[in-house]
1. Give me the one-decimal nm value for the distance between modelled label points at ARG17 and LEU36, 7 Å along each residue's Cα-to-Cβ direction.
2. Taking every pair of distinct Cα atoms and averaging 1/r, then inverting, what Kirkwood hydrodynamic radius in Å comes out for the chain?
3. Multiplying the sequence separation of THR26 and ASP52 by 0.36 nm and subtracting their Cα-Cα distance, what value in nm do you get?
Amino acid sequence: MATSVKIDDETKSRLERLQTEIRLKTGKRVTQQEILARLVENAVESKADLIDDVLYG
């Protein structure tokens, strides 16, 4: 099941640059959905760091 997530233009642009950099460095195409899934997975694995980042910037 796909769900839409709204992101601002700057975040979208940064995600696109990250996607391009991954493709250039690995030679593999990766979707933005795959990137976001990996980012969420990493955040879940290090919740304390994410919470600190949200609290203290």
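Read-outs: derived from the displayed coordinates by stated rules, not from any lab. The structure displayed is predicted, hence computed values, not measured ones. Methodologically, a virtual Cβ is constructed for each residue, glycine included, from the backbone with ideal geometry; neighbour enumeration extends over all protein chains shown.
1. 2.0
2. Working: mean 1/r = 0.0772 Å⁻¹.
Computed over Cα pairs of the chain, the Kirkwood hydrodynamic radius comes out at 13.0 Å.
3. Details: separation 26, 0.36 × 26 = 9.36 nm, distance 3.12 nm.
6.2 nm is the gain from fully extending THR26 to ASP52.
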